[in-house]
Each structure stands twice: as structure tokens, then as C-alpha cells.
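Asks: Dropping a structure here in C-alpha cells format, bear with me for questions.
The values are calculated or read from the model by the stated rules, or taken from the named source; none is laboratory data. As the structure is a computational prediction, the values presented were derived from the model and not from experiment. So basically every Cβ, Gly included, is an ideal-geometry build from the backbone, and we count neighbours across all protein chains shown.
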Amino acid sequence: MKALIPSGAGSQRRFLFLACLPIAFFVRESVAQTTDIYEGSLDRGAPRGARVVEFSTTGNRPPEIGVIPKHLPFGNYRGENGSKDIADEQELIRYDFYKFGNTAADGAVALCPKDKSTSAAVELFAVPDNAPKSGLETAAYCTAIRKSSKDLAKFKQTDNAFTTTSTAAILGYYHVSRVLGDICEIEPAVLRTMDIEQHKRVVKMAADLGIRGTVRKSWDLFNRYYADPRGSSVARTLFTNDFLQIYGALEKNTRGEEHYAVWLGAGSNLSSTRAFQNMADSRPVQAILGSQGFTQVNVQALVAMRDMSEMILLDYLMAQSDRLTGGNISDYATIYYQDQGQIKNTRKAENVPAGATPVTVKKLTIVDTDAGLLNQNVFEQKGYLNRILHMHPKTFARLVDFAQRWKTDPSVKAFFHEECTFSNSQLARFEKYLLNAATVMQSRKDRGQLRLDLSLEDFFGSQPPPPNT
């Protein structure tokens, strides 16, 4: 093999100069050119979000941050131009872990350790006007306020020992749900940090409260992490890069939900539910339901088919590993009614106009969004994506559009890296599932095997409302 030698005297001098440089020079130059500030332990100074808010801590330690995220321009965020989601994000960012006072006026919140289920999390409770927070929380204070106040939000951080909890999953579920048309009723979440010393207080409170079970094991893990943050197994996924804070997702609490008993009763065999069987039935919806009558049975069946197909799609994309282990599927009662040829819905009976005939059904809401992009993809293993034979037309169109944008617009992938803290390996994994889902669904539609017939407006909208009885 011939050596490549630069031509010309000037080039020869430059070549001799470079040849004399130590190898370390080239290594440093290479590292400097390829450093990814969004990979690994969180860099609080990295540009991200529409706005970053700082919170003063104690003891001359660096400020914590909260990030109001950017929105993907093609996402279906709630409210006009995303105004409702933005308002919820701004409210989450208003909560100050160090303020004394009350929530309404000062943004003060009560920080208490999560005491049920499995994964450790800091629960934020509203501080009432008539009993302002005047000092640091104690175990007794948390016991009292848990009974008398409402839980506003949870601060959840990555931990993959006793439970599967991922900051990236929580943030990712929020934005992916909006890209696909605001599916599965997922509440907003923002990126937030917490000083280690502040979090240690909550960890100790979990012990003081005598919390037991798997959630206590999860709390106790932090004592191990804090003994050697840099050497811990979660150094890159839990800590900021100065190892003085941890980072996680602060997510708004869903209210009024209950366990989706029918679906949870199926255990890990989701295909045994009527909703799954209808969704996997190759016949047209009208043949499956038997009529187009706007009845409670028909509306419930169609809503459940759509919910099932969209939960499977979203959980497949996010590599969900914990949906089918019990207690991780929820619903709330929703009222549907016909209004001048349109199908509308509300959760409040007083919003139904006079003369309309309402039907009340169960509507899926996914509350647990933390167990993604870490372990096995249960929905991939079970082959559930390949069982979807019915989808809502807008969900299908948004899936295909999302995949195309991912392939052609680098800013889309960058969004999930920067705003949602997806690691490079998580980006690659998500990309595989996204492109495969879009290809599979498009191919099935082209072959006439996927029916886009789960729109309530299309199915019931042309039908006259039932007479009042």
C-alpha cells in the first residue's frame, strides 16, 4: 500500500508539523468535535425547551431547573395552538420545592414520598390557603396533608432495579401521544431537576413513615446511589453532570380515573378481551356491531376498539414492558352525545345540551407511562401490532406522516434527544419501532387488510339521533 503524502513544499511542511504532534492532540480534537451534550448525565446548561426556569436552593448549591418544552409543530397539542397543554406545563413549572406559603399564591407545594405501588417518586400536594406551609415537611405533616389535600403531580426519575422507570419514557409518551393526535388521554410532563440534599430528605421520610413493599426497596436504593453517584449504575441516567442534582419528569396527575377492570381482568393475555377481539376482527365495523344505532353498547364497543388499537400502537413504539403486569390500565367515564350531526363528548353531565340523548362509556386513559425504552418490548413479543385490523383514519395518517418526518427532517429526532432526554440507543430503538409500525400499517392498508373505520363521526354522524323516551 502506498503512503499518501501531501504534494507541494507548503503541504510537506504542514505534514511534517502534524506528524510531530502527539497522538493526544488528535484524540482531544476528535472528542471536541463529536461531544454530544445531550447524551449521558444531564447538562443543565444545554440549550433546550421554550423556556428554562431556575429555582434557588439552599446552602449555596446550584439552582435547580424546570423546562417548559418546545412543541413539535405537527403535534396535536391540546387547546388552540397548544394553549391548554402550555398552561399545564407552566403550572408544573410554577411549583417550587423550597417555597413556604400556599400553592395558589406562592407556588409552594408539599413534597412527600410515594407510599404505594412499586416505583419511588416524589408526590406534590397542594398547600391550602388556610394552612400555609411554614417549614420543612415531616413524616407527620405528609400523613396529614395526604388525607386533606389533593395530589398535583409526581416527580419520577429513572430507576431500573426493582422497577422499570424512565424519565425519557414519561416525556416521550407525552409528545408521541400528541403527534399521533392526542391519543390515550396522557397528561403533560416537563423536565425537572432536584438537589440531592433535598431528595435525601424525602428518602429519609420514606423510612420514617414506615413505607413497606417494593416501593420501599426502591426508596432504599437511593442511599446506595448517593454513596457513590459517579460510580453508580445510574450515573448517566439519574444524575446531572456535576452530580449535585438528579433529574426526572414532573408529570401532572390524572384525576377521576379508575382501574379499567375489564381489561385488567385479562392479565397478560390482552387478546382475551372483547375490545381486542373486535379490533382483530377482519369484518367491517358495522358487521361486528350489528347495527349503526347510537346506543351505549355500540358506542362503548367502537370507543374500546379505538382505545385498544391506539394503546397497542403507542406502547409498541415506546417499548413498554410493564403494561400487562397489573394495575397499569385506567379509564374514566365519558359521556358521548349527538349534536347536529356531530358526535361530542364530555366528562360532565351538565355540559350535555337539552334534548340530546347521552350514553356513558369507559374511555381509556394511560396513567403509567414510565416503563418504556428500557427493557423488553412486551407488545413486540406478543405480536400485538400485527393483530390491529381497525384504526382511526387520523391516527393512521399521523403515524405515516410521523415516520416520514423522522426519516427526512433531522430536527424531529433532535427533539426527542434534547427535549425528552432519549439517549442515542433509545433513539435508535424508537426509530426501529416507528418505521416498522408505519411500514406494517401502510402495507396492510394497501392490501385491504386494515380498515380505517373507527371514527365515531363517520360511523354515527349520518344517523338521526334516537327519539327521546
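Asks: Would you confirm, using the coordinates I've provided, whether Glu257 is under 28 Å from Glu457 (Cα atoms), touching a strand residue (DSSP E or B) at 6+ places or on another chain (Cβ under 9 Å) and touching a residue at least 60 places away in the same chain (Cβ under 8 Å)?
Replies: yes
Asks: So, in the stretch 392-407, exactly how many residues are in a helix (DSSP H, G or I) and over 13 Å from Glu431 (Cβ atoms)?
Replies: Kept after step one, since they are in a helix (DSSP H, G or I), are these residues of the stretch 392-407: 393-407.
Within this subset, residues satisfying the condition of being over 13 Å from Glu431 (Cβ atoms) are 393-401.
Number of matching residues: 9.
Asks: Say whether the condition of being within 20 Å of Thr254 (Cβ to Cβ), touching an Asp or Glu at 6+ places or on another chain (Cβ under 8 Å) and assigned by TED's automatic domain parsing to the domain that holds Phe430 is met by at least one residue in the stretch 332-355.
Replies: yes
Asks: Does Ala104 satisfy being more than 17 Å from Val202 (Cβ to Cβ), touching an Asp or Glu at 6+ places or on another chain (Cβ under 7 Å) and not polar (S, T, N, Q)?
Replies: Values: more than 17 Å from Val202 (Cβ to Cβ): yes; touching an Asp or Glu at 6+ places or on another chain (Cβ under 7 Å): yes; not polar (S, T, N, Q): yes.
Taking the combined requirement at face value, the residue satisfies it.
Asks: Consider Asp242 against the criteria (1) surrounded by 15 or more Cβ atoms within 10 Å (Cβ to Cβ); (2) within 30 Å of Pro62 (Cα to Cα): it satisfies all of them except one. Which criterion is unmet?
Replies: Here Asp242 clears every test but (1).
Asks: Pick from Gly231, Gly210: which is under 24 Å from Ala139 (Cβ atoms), part of a loop (DSSP other than H, G, I, E, B) and at pLDDT 95 or above?
Replies: On the way: Gly231 fails: under 24 Å from Ala139 (Cβ atoms).
Every option except Gly210 fails the conditions.
Asks: Go through the residues of the stretch 140-159 one by one and say whether even a single one is touching a Gly at 6+ places or on another chain (Cβ under 7 Å), closer than 30 Å to Lys362 by Cα and buried (at least 24 other Cβ atoms within 10 Å of the Cβ).
Replies: Yes.
Asks: Then there is this: How do the strands (runs of 3 or more DSSP E) wholly within the stretch 310-371 filter down when requiring 1 or more residues that are among the aromatic types (Phe, Trp, Tyr) and closer than 19 Å to Ile183 by Cα: which remain?
Replies: Values: elements: 330-339, 342-346, 359-365.
By residue number, 330-339.
Asks: Would it be correct to say that Ile170 is crowded, with 24+ Cβ neighbours inside 10 Å, of a type in the set (Val, Ile, Thr) and assigned to a helix (DSSP H, G or I)? Lay out the reasoning, then the answer.
Replies: Numbers: crowded, with 24+ Cβ neighbours inside 10 Å: yes; of a type in the set (Val, Ile, Thr): yes; assigned to a helix (DSSP H, G or I): yes.
Taking the combined requirement at face value, the residue satisfies it.
Asks: If Leu389 satisfies every condition in (1) closer than 30 Å to Gln292 by Cβ; (2) within 18 Å of the chain's Cα centre (by Cα) but one, which is the exception?
Replies: So the condition that Leu389 fails would be (2).
Asks: Kindly indicate whether any position in the stretch 233-254 is of a type in the set (Asp, Glu) and more than 30 Å from Gly135 (Cβ to Cβ). Steps first, answer last, please.
Replies: So in the stretch 233-254, the residues of a type in the set (Asp, Glu) come out as 242, 251.
Now narrow it down to the ones that are more than 30 Å from Gly135 (Cβ to Cβ): none.
Checked against the condition, which is being of a type in the set (Asp, Glu) and more than 30 Å from Gly135 (Cβ to Cβ), the stretch 233-254 yields no hits at all.
Asks: Just checking, does the stretch 250-264 include any residue being modelled with pLDDT of 95 or more, surrounded by 15 or more Cβ atoms within 10 Å (Cβ to Cβ) and among the acidic types (Asp, Glu)?
Replies: Yes, some residue in the stretch 250-264 is modelled with pLDDT of 95 or more, surrounded by 15 or more Cβ atoms within 10 Å (Cβ to Cβ) and among the acidic types (Asp, Glu).
Asks: Then there's this: For the structure I just gave you, tell me whether Ala189 is surrounded by fewer than 17 Cβ atoms within 10 Å (Cβ to Cβ) and closer than 27 Å to Ile312 by Cα. Steps first, answer last, please.
Replies: On the way: surrounded by fewer than 17 Cβ atoms within 10 Å (Cβ to Cβ): no; closer than 27 Å to Ile312 by Cα: yes.
No; evaluated as a whole, the condition is false for this residue.
Asks: Among the listed residues Arg212, Arg178, identify the single one that is more than 30 Å from Thr58 (Cβ to Cβ), surrounded by fewer than 21 Cβ atoms within 10 Å (Cβ to Cβ) and either more than 11 Å from the chain's Cα centre (by Cα) or outside the structural domain of Arg306 (by TED's automatic domain parsing) (or both). Explain how you work it out, then say what you get.
Replies: Working: Arg178 fails: surrounded by fewer than 21 Cβ atoms within 10 Å (Cβ to Cβ).
Result of the check over Arg212, Arg178: Arg212.
Asks: Ok, one more. What pairs come up if the first residue lies in the stretch 220-243 and is farther than 9 Å from Leu42 by Cα and acidic (Asp, Glu), the second is assigned to a loop (DSSP other than H, G, I, E, B) and modelled with pLDDT of 95 or more, and their beta carbons are under 7 Å apart, counting only those six or more places apart or on different chains?
Replies: Matching pairs, first to second residue: none at all.
Asks: Cβ contacts < 6 Å: first residue assigned to a loop (DSSP other than H, G, I, E, B), restricted to the stretch 121-150; second residue aromatic (Phe, Trp, Tyr), any location; separation 6+ or different chain. Result?
Replies: Close Cβ pairs satisfying both conditions: Ser134/Phe100; Ser149/Phe125.
Asks: Something else: Applying the selection to the stretch 91-119, what residues are within 17 Å of the chain's Cα centre (by Cα) and not β-branched (Val, Ile, Thr)?
Replies: To start, the set of residues in the stretch 91-119 that are within 17 Å of the chain's Cα centre (by Cα) comprises 92-93, 119.
Once the filter is applied, which keeps residues that are within 17 Å of the chain's Cα centre (by Cα) and not β-branched (Val, Ile, Thr), the stretch 91-119 yields Leu92, Ser119.
Asks: Provide a single number: the residues in the stretch 60-115 that are among the polar types (S, T, N, Q) and in contact (Cβ under 8 Å) with a residue 40 or more places away in the chain. Walk me through how you get there before you give the answer.
Replies: Here is the first cut: in the stretch 60-115, the residues among the polar types (S, T, N, Q) are 60, 76, 81, 83, 90, 102-103.
From what is left, the residues that are in contact (Cβ under 8 Å) with a residue 40 or more places away in the chain are 76, 103.
The qualifying residues number 2.
Asks: Oh, and also: Select from the stretch 179-212 the residues that are among the aliphatic types (A, V, I, L, M), more than 30 Å from Asp307 (Cα to Cα) and in contact with a helix residue (DSSP H, G or I) (Cβ under 8 Å, 6 or more places away or on another chain) and list them in ascending order.
Replies: Passing the criteria: Ile196, Val203, Met205, Ala206, Ala207, Leu209, Ile211.
Conditions (1) exposed (fewer than 14 other Cβ atoms within 10 Å of the Cβ); (2) on the phi > 0 side of the Ramachandran plot; (3) touching a Phe, Trp or Tyr at 6+ places or on another chain (Cβ under 8 Å), marked per residue:
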site: Asn351; (1), (2), (3): yes, no, no
site: Pro358; (1), (2), (3): no, no, yes
site: Val361; (1), (2), (3): no, no, yes
site: Ile366; (1), (2), (3): no, no, yes
site: Leu373; (1), (2), (3): no, yes, yes
site: Leu399; (1), (2), (3): no, no, no
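Asks: Looking at the stretch 444-462, which of the residues that are part of a loop (DSSP other than H, G, I, E, B) and at pLDDT below 95 is surrounded by the fewest Cβ atoms within 10 Å (Cβ to Cβ)?
Replies: As a first pass, look at the stretch 444-462 and keep what is part of a loop (DSSP other than H, G, I, E, B): 447-450, 452-455, 461-462.
Narrowing further to those that are at pLDDT below 95: 461-462.
On the way: Gly461: 14, Ser462: 9.
The selected residue is Ser462.
Asks: Scan the stretch 260-276 and tell me whether some residue there is assigned to a loop (DSSP other than H, G, I, E, B) and basic (Lys, Arg).
Replies: Narrowing the stretch 260-276 to residues assigned to a loop (DSSP other than H, G, I, E, B): 260, 265-269, 273.
With basic (Lys, Arg) added as a condition, the list becomes none.
Scanning the stretch 260-276 turns up no residue that is assigned to a loop (DSSP other than H, G, I, E, B) and basic (Lys, Arg).
Asks: Only one of Gln442, Gln426 is polar (S, T, N, Q) and either within 30 Å of Glu251 (Cα to Cα) or under 24 Å from the mean Cα position of the chain (by Cα) (or both). Can you tell me which?
Replies: Values: Gln442 fails: either within 30 Å of Glu251 (Cα to Cα) or under 24 Å from the mean Cα position of the chain (by Cα) (or both).
Testing whether each residue is polar (S, T, N, Q) and either within 30 Å of Glu251 (Cα to Cα) or under 24 Å from the mean Cα position of the chain (by Cα) (or both) leaves just Gln426.
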